[in-house]
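A short write-up of the structure that comes next.
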Amino acid sequence: MPAPGGRPPGQNRRWEEGLLAGAITLVYLLYLLTSEYQNLYYDAENYWQLSHRFYQQGRFSLLGYDDALRGYAYPLVNFLCLVVRKALDWPAVRVVKLLNAGLAGLLFGVVGPRLWQAATDSPSLPSVARRLLWAALGFVFWRDYFSFSLSDFPAVLALGVALWQAQRSTGWAALLTGLALALALNVRPIYQISALPVLGLLLLGQPKRAWAGRLMACGLGLVFILAPQWLINRRHFGANTPLVLSQSKELNIHNLYLQKLKWGLLHLKYEASVGPGLPTGQLLFLDQAGAQVLQEEGLDDFRSPGQYLQVALRHPGPFLATYARHLFAGLDISHPTPYLRRWEPSALLSGLNYSLWFWAMLVTLGGKRPRRKAALVLAGLLLPCLAVLPMSMEVRFLLPLHLLLLALVAFGPAPVWVLRSKRRLLLVAAAYGVFLLGCFALSASITRAVEPRFQGYLGYAVPGSKRP
């Protein structure tokens, strides 16, 4: 039966979905174009500058890209933005914001809800109110990340598309799975660890006679995206691999992941400051226990993952404690921006964040054990977060996990099991109070670990000195 208005129900849902995505895009666009951030900084500026490497000897050359640290795909997107910037004579940051507003609309209005529906085998999308809640929570915590040409949201959007499309049964969906997965791992190489869960979803529930065709279609998508990276690696670096090399002779980085493993023992958390209320540069929160391990081992760098594992096995307590602090620090969003102009954390924002974690835990405790499909989706989202726990932590590194927590709150069932007895309700309320106090205390302890030159700016006095 056609729905009211003469359109079939499926078409009505797509129309509603399009309107919602458009509204989210418009809200982001209005915010971003009037925000205080009107420049690109650090990694964002670097990604933008990498787009110029496609322009060689007066013409475009895909294989002219010659950076071994980062994949070609996201700089190529920025090259298209560069073309628009030159055509319209706009500042670079305005074009970036225009693109990112559209990405926000797709992520919060389409891909996230669709992935939730597919993973939970729900017959329908979450209600419009629930989708708006998820988008609103994403805006509260992540809004200013969309002001910059950073790879995190494009990569998580691509991964979300891959996980969603892998659950559909058509050949075109399998092809799109390969394209999206290849984009995700080229833009953020840490997502290579998500490839197996995506391929598992691609075959789950499909007849074995269809496996070869689905794998071929997915492989075609992978080859289409990764073949240029392979040719770039062969031409410029003599490396026979389609994966990002993650190294840089200019920066003396032989293996980016190994270097970040070392930084993970030195730093609990990393922020970037751009002034004017803070000194410009890296804002590091120091880990004395991790630094002591490196000192005891006499290490300046890790030469291999095996060496790191051996050190970890010799110091299991400090390593596990470091990972736990990294997990907390990576979810503890103090500011909704990757580039701090001033240090002004909001107790209201932090309290909301901790409360959402607690609510998500209640939803999880009261829910059913995830089926294989949902378990594979969780693995695809969470394995990259697990892989970054040993690294020097930035909150954007745990973006998939935080978005999942927000989705559990917005889309998950209300934890009514808490209300089944007065005693249970009182116990949960007491646990919530203890949880909040513990989160605020742990956050304050990490903040106090900031390097000395920033302590005065963050409200902690350095003995014998005054704030500038």
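The values are calculated or read from the model by the stated rules, or taken from the named source; none is laboratory data. Source: prediction; values computed, not measured. Cβ: placed from backbone, ideal geometry, glycine included. Neighbour counts: every protein chain shown. Please note that ligands, DNA and RNA were not included when accessible areas were found on the heavy atoms of the full protein model with its side chains. Shrake-Rupley method; radii C 1.70, N 1.55, O 1.52, S 1.80 Å.
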Exercise. Based on the mean of other Cβ atoms within 10 Å per residue, sort peptides 448-458, 51-61 so the most packed one is first.
Key: 448-458, 51-61
Quiz item: So what's Rg/Rh here for segment 279-372, counting alpha carbon atoms and using the Kirkwood radius for Rh?
Solution: 1.08
Quiz item: What is the local net charge at Leu32, summed over the other residues whose Cβ is closer than 10 Å to its Cβ (Lys, Arg +1; Asp, Glu -1)?
Solution: +2
Practice problem: Please get the size of the charge dipole for the chain, origin at its Cα centre, with Cβ charges of +1 on Lys and Arg and -1 on Asp and Glu, quoted in debye to the nearest 20. | Solution: 1400
Quiz item: Listed highest first by mean packing, meaning other Cβ atoms within 10 Å per residue, what order do 221-229, 302-310 come in?
Solution: 221-229, 302-310
Quiz item: Which whole-number value in Å² is the accessible area per residue of segment 231-273, probe 1.4 Å?
Solution: 55
Exercise. Give the percent of DSSP beta bridges with both residues in the chain that are antiparallel, rounded to the nearest 5.
Key: 85
Exercise. Please work out the Cα center distance from segment 115-155 to segment 322-355, rounded to the nearest Å.
Key: 19
Quiz item: Round to a whole number: what % of the accessible area of segment 312-385 belongs to carbon and sulfur, probe 1.4 Å?
Solution: 68
Practice problem: Just need the Rg to Rh number for the chain, please, alpha carbons only, Kirkwood Rh. | Solution: 0.96
Quiz prompt | Extreme residue, positive dipole direction of segment 230-319, given options Thr280, Asn252, His236 (C-beta unit charges) | solution = His236
Quiz item: Ordered by packing density, taken as the mean number of other Cβ atoms within 10 Å over each peptide's residues, highest first, how do 343-354, 157-168 rank?
Solution: 157-168, 343-354
